[in-house]
Amino acid sequence: MKYKTQKIAIAYFAVALALFTVQVTLGLILGWIYVSPNFLSEILPFNIGRMLHTNSLVVWLLLGFFGAAYYLVPEESEREIHSTKLAYLQLIILVVGTAGVVVTYLFNLFDGNFLLGNEGREFIEQPRWVKAGIVVAALIFLYNISLTVLAGKKTAITNILLLGLWLLSLLFLFAFYNPANLALDKQYWWFIVHLWVEATWELVMASILAFLMLKLTGVDREVIEKWLYVIVATALFSGILGTGHHYYWIGTPGYWQWIGSIFSTLEIVPFFGMMAFAFVMVWKGRRDHPNKAAMLWALGCATLAFFGAGVWGFLHTLHGVNYYTHGTQITAAHGHLAFFGAYVSLNLAIISYAMPILRGRDPYNQVLNMASFWLMSGGMVFMTFTLTFAGTVQTHLQRVNGQAYMDVQDQLWIFYAMRFGSGVAVVLGALLFIYAMAFPRREVIEPGPAVAAE
Amino acid sequence: MTAPTPTRPQDQPSVLDSLPGELMMWVLILSELAVFGAGLAAFLAVRITDPAGFAEAQTHLHRTGAGINTVVLVTSGWLAALAVQAAEAGRKVRLRGLLALASALGVVFLVLKGSEYADLARAGIGFETHAFFTFSYLLTGFHAAHVIAGILLLGLVGALATPRAVETGAAFWHMVDLVWVLLFPVVYLL
């Protein structure tokens, strides 16, 4: 660790991983509800659980991005973070806000209150005071990071990271705009989450991956920057109008079907680019970095993001296909592998890289960390397959044959049971990862004697 | 324990370096061609389902105007190519004059295109009138937006007046040109 303010990242990563535990635990509960639908139906209605599962995911990923920024910006800019106090203040605001949201929903408090009550819009239903807090926290963060970058060395990695973080913060402002017209409501609603995960977050992802490749492979910065710019250009080109694939059936004009189909098909390009980038850099690399776990997560991230976001996204993005598959388990399959591949793995990669350095114990617990990679990724890939099969059967029975929704759900039980099993593997993997990060053992594995092949 | 890793050449000049203008412009051009190509392919595919309806709808377009526009844009592209030569010869006044002429022809294109849109609007024809118009509005509308962007870009590279900038601007302008040459037969003539 070259700069002492990089330590801020530890707090962010710790809170992020705590929320990660909450998120996957809720996922397990929801998975069981699919198997046994009356489970907890009085205490934790499915929609509340689902919201907590999704929102805790988004919040912990963002916390991870903030932590990553606090870790890599000092190193790139070659100076300390502008203000440590502000960084911790930002984290406190976000934690209080998150806790406020959870309490408000679970106990259904302050319904209808302008400031304290939930807003009732799926996933951006946070009470207004929380939304205002999020904006304040984002402003503090942007102020803190921007001043650091402006005062120091500017690199392509920090430029792209800042661009992504600024744009994603600005897009959140649409959470305050709630048109009475339901079609317009949904149109702006997608400005937030789509333009996050399929545009601005991709910038964050590309820059963090670029930072990891720079450190892990030792390839020249110039080569990495060229790739970075190409990936970012294709991400923005395809992702912005790719929003159209959410506008097929919400009451927007029909031309969105063609805009959405064509542009969102191209969204596979930046994900392919990131995968090609990661592997080409590793092949070109001259450095044999000891942190194999971080390398494994980085390559896993690029690969699973390509399949989860790229291939599984393309599966149902054409409007002629989506007409049948919309809102079936196909969507769930895509959602799980895309978020896991692109953003969960990315966060776990930067955490795997940074934590040992931050705690002065690098490298450690490589084997446990790598085992957690295979356990989590294996579980998630299996889950994706079970949900894809469930979705295919569901599409046929429900959308083609016209059977009733609940009758079809009964017939999907076997897939849901298998999905629950894969969910257990993911949760165990997550716990193993956290254990490997939190309870370090210095671990040196001596290579056995080299024996020539016969 | 790090084994000595063999060094591999990573500093050889790549083929990408020999492209004229900015690499990012070529990324953009390829992306644009992919989008317009996909749009034209979709247009032709949907046309199979209703050839008569497509043929009838096409009669509402300004074919002659579009024909003139083809000549206008190709000429404009030629002027932009001359501007690149002028830039390489270091003749700033000449290159700026040529780019101004190229941009002026771009404006002529937009005026002719605008008169077609105005006539269609007067006849009450919109995006939803027929599948043909959904595509013709989308494709030519996107293209017209690129003509506007191209005019702005030619202005910018004219101000910079370096050979690399002019090459980059001209590359974009040729792409706009090329896309029109593909759109014109498919949308207006077929």
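The values are calculated or read from the model by the stated rules, or taken from the named source; none is laboratory data. None of the values given here were measured: they were computed from a predicted structure. Counting neighbours? That spans all protein chains shown, and the Cβs are built from the backbone with ideal geometry, glycine included.
Can you name the residue in the stretch B:121-145 that is part of a helix (DSSP H, G or I) and free of Cβ contacts under 8 Å to residues at least 40 places away in the same chain and is also surrounded by the fewest Cβ atoms within 10 Å (Cβ to Cβ) among such residues? Only one residue tops the list, namely B:R122. Yes or no: the stretch B:99-119 includes at least one residue that is aromatic (F, W, Y) and surrounded by 19 or more Cβ atoms within 10 Å (Cβ to Cβ). Scanning the stretch B:99-119, I find at least one residue that is aromatic (F, W, Y) and surrounded by 19 or more Cβ atoms within 10 Å (Cβ to Cβ), so the answer is yes. State whether one or more residues within the stretch B:47-65 are more than 30 Å from B:E128 (Cβ to Cβ) and within 21 Å of the chain's Cα centre (by Cα). Looking through the stretch B:47-65, none of the residues is more than 30 Å from B:E128 (Cβ to Cβ) and within 21 Å of the chain's Cα centre (by Cα). Of all residue pairs spaced 6 or more apart or on separate chains, those with beta-carbon atoms under 6 Å, a first member in the stretch B:176-190 that is closer than 16 Å to B:F132 by Cα and a second member that is among the aliphatic types (A, V, I, L, M) and not in a helix (DSSP H, G or I) are B:Y188/B:L61. Determine whether the stretch A:3-25 contains at least one residue that is buried (at least 21 other Cβ atoms within 10 Å of the Cβ) and without any contact (Cβ under 8 Å) to a residue 40 or more places away in the chain. Yes, the stretch A:3-25 contains at least one residue that is buried (at least 21 other Cβ atoms within 10 Å of the Cβ) and without any contact (Cβ under 8 Å) to a residue 40 or more places away in the chain. What is the one condition in (1) touching a Phe, Trp or Tyr at 6+ places or on another chain (Cβ under 8 Å); (2) crowded, with 18+ Cβ neighbours inside 10 Å that A:V35 does not satisfy? Single failed check for A:V35: (2). Of the helices (runs of 4 or more DSSP H) lying entirely inside the stretch B:20-120, those carrying at least 1 residues that are within 14 Å of chain A (Cβ to nearest Cβ) and closer than 24 Å to B:Y188 by Cα are B:23-49. Considering the stretch A:245-263, and only residues there that are more than 11 Å from chain B (Cβ to nearest Cβ) and under 24 Å from A:L168 (Cβ atoms), the residue that is surrounded by the fewest Cβ atoms within 10 Å (Cβ to Cβ) turns out to be A:I250. Within the stretch A:343-355, being over 14 Å from A:M376 (Cα atoms) and either among the small types (G, A, S) or surrounded by fewer than 24 Cβ atoms within 10 Å (Cβ to Cβ) (or both) holds for A:S352, A:A354.
Got a sec? Which of A:V400, A:V367 is closer than 30 Å to A:Y435 by Cβ and either surrounded by fewer than 18 Cβ atoms within 10 Å (Cβ to Cβ) or of a type in the set (A, V, I, L, M, F, W, C) (or both)? Just a single option satisfies the conditions, and that option is A:V367.
The number of residues in the stretch A:119-129 being part of a loop (DSSP other than H, G, I, E, B) and more than 10 Å from A:A175 (Cβ to Cβ) comes to 3. Restrict the check to the stretch A:33-46 and report whether at least one residue is closer than 17 Å to A:L431 by Cα, hydroxyl-bearing (S, T, Y) and part of a helix (DSSP H, G or I). No; the residues of the stretch A:33-46 include none that is closer than 17 Å to A:L431 by Cα, hydroxyl-bearing (S, T, Y) and part of a helix (DSSP H, G or I). How many residues, within the stretch A:328-384, are modelled with pLDDT under 95 and not in a helix (DSSP H, G or I)? Total meeting the criteria: 7. Scanning the stretch A:264-275 for residues that are in a helix (DSSP H, G or I) and within 14 Å of chain B (Cβ to nearest Cβ) turns up A:S264, A:T265, A:L266, A:I268, A:V269, A:P270, A:F272, A:G273.
Of all the criteria given as (1) more than 15 Å from the chain's Cα centre (by Cα); (2) part of a helix (DSSP H, G or I); (3) modelled with pLDDT of 95 or more, the one not satisfied by A:L63 is (1). Count of the stretch A:221-276 residues, restricted to those that are of a type in the set (D, E) and under 16 Å from B:L23 (Cα atoms), is 2. Selection within the stretch A:186-225: residues that are among the charged types (D, E, K, R) and in contact with an Asp or Glu (Cβ under 8 Å, 6 or more places away or on another chain). The member of this set that is farthest from the other protein chains (Cβ to nearest Cβ) is A:E198. Anything in the stretch B:150-164 that is in contact (Cβ under 8 Å) with a residue 12 or more places away in the chain and over 10 Å from the mean Cα position of the chain (by Cα)? List them, or say none. Across the stretch B:150-164, the qualifying residues are B:I151, B:L153, B:L154, B:G155, B:L156, B:V157, B:G158, B:A161, B:T162, B:P163, B:R164. If I filter the stretch A:73-118 down to residues being assigned to a loop (DSSP other than H, G, I, E, B) and among the aliphatic types (A, V, I, L, M), which single residue comes out as surrounded by the fewest Cβ atoms within 10 Å (Cβ to Cβ)? Restricting to residues being assigned to a loop (DSSP other than H, G, I, E, B) and among the aliphatic types (A, V, I, L, M), the top hit is A:L115.
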